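**Q** This is the structure, below, for whatever I ask next.
The values are calculated or read from the model by the stated rules, or taken from the named source; none is laboratory data. Bear in mind that the values here come from a model prediction, so they are computed numbers and not experimental data. All Cβ positions, glycine included, derive from the backbone under ideal geometry; neighbour counts span all protein chains shown. Surface accessibility is based on the protein's heavy atoms, side chains included, excluding ligands, DNA and RNA. Shrake-Rupley method; radii C 1.70, N 1.55, O 1.52, S 1.80 Å.
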Amino acid sequence: NAGVTQTPKFQVLKTGQSMTLQCAQDMNHNSMYWYRQDPGMGLRLIYYSASEGTTDKGEVPNGYNVSRLNKREFSLRLESAAPSQTSVYFCASTGSTDTQYFGPGTRLTVL
Amino acid sequence: GENVEQHPSTLSVQEGDSAVIKCTYSDSASNYFPWYKQELGKRPQLIIDIRSNVGEKKDQRIAVTLNKTAKHFSLHITETQPEDSAVYFCAACHGAGSYQLTFGKGTKLSVIP
């Protein structure tokens, strides 16, 4: 039981490049989330998926897209990366209770 | 939307002393309040949570209190140890069915041996 996993762990992009961050959970959770964490800003919700087949914007969705591929997987895509998207990205999931379980994070640098 | 304020942003205590971190929230409909601990370079991990029908919850050296009328909740750590040093985040849940969390900006706790 791996919990929530994320790939890659680290990534460096040039401005304008695109990439997809992958997230998977093996806890049969319905809801999944993408957050970004910046120094002094806490965690801010980018997008979430309350259940398979649905996605909704969070607090800071601009510049991102998501796909809930199936119940296990929820990906985050940057179509044209900008330096302002340099951050640590966390995926999380929750089941029938409110408790959110976080993945290990992806550290992204955009030059 | 929900707004969560967290204070202080940094806190230093001597080993064995108590530490208190306070949060306020704006949405009276919020009904779930977790606290997360994040060590350097690691993921946030839940340490304790409280629901709106409870005023206080305790787990060994950690306790959380909730005042719904004033819309604030606090984390209390007693007998602090060096391994308690980390960043602590409070959060409030305001989305029925989707469990959306709004986080405070964090408190960096340093426990001095």
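**Q** So which residues of the range A:33-66 lose at least 10 Å² of accessible area, probe 1.4 Å, when you go from the chain by itself to every protein chain present?
**A** By number: A:TYR33, A:TYR35, A:GLN37, A:GLY40, A:MET41, A:GLY42, A:LEU43, A:LEU45, A:TYR48, A:ALA50.
**Q** At 7 Å along Cα-to-Cβ for each site, give me the label-to-label distance between B:THR78 and B:ARG51 in nm.
**A** According to this spin-label approximation, the distance is 2.5 nm.
**Q** Check the cysteines of chain B one by one and keep only those with no other cysteine Cβ under 4.7 Å from their own.
**A** B:CYS93
**Q** Determine the principal axes of the Cα atoms in the protein assembly as shown, then give the extent along each, sorted from largest to smallest and rounded to whole angstroms.
**A** Taking the Cα atoms of the protein assembly as shown, the three principal extents are 49, 37, 34 Å.
**Q** Right, something else. For the range B:74-79, what does the Karplus curve 6.51 cos²θ - 1.76 cosθ + 1.60, with θ = phi - 60°, yield as ³J(HN,Hα) per residue in whole Hz, taken in order and with x for Gly and Pro?
**A** 9, 10, 10, 10, 9, 6
**Q** Inside 10 Å of the C-beta atoms of A:92-98, what's the mean count of C-beta atoms belonging to other chains?
**A** Other-chain Cβ atoms within 10 Å of each residue's Cβ, averaged: 4.
**Q** Percent of accessible area on the range B:47-99 owned by carbon and sulfur, 1.4 Å probe?
**A** In the range B:47-99, the share of accessible area belonging to carbon and sulfur is 47 percent.
**Q** What does the charge count near B:THR78 come to, summing +1 for each Lys or Arg and -1 for each Asp or Glu among other residues with Cβ under 9 Å from its Cβ?
**A** -1
**Q** On the accessible surface of the range A:1-73, probed at 1.4 Å, how many percent belong to carbon and sulfur atoms?
**A** 46 percent
**Q** To continue, here is another question. What's the total accessible area buried between chains A and B, using a 1.4 Å probe, rounded to the nearest 100 Å²?
**A** 1700 Å²
**Q** Here is a further query. Keeping all protein chains in place, calculate the accessible area per residue for the protein assembly as shown (probe 1.4 angstrom), answer in Å².
**A** Using a 1.4 Å probe on heavy atoms only, each residue of the protein assembly as shown averages 48 Å².
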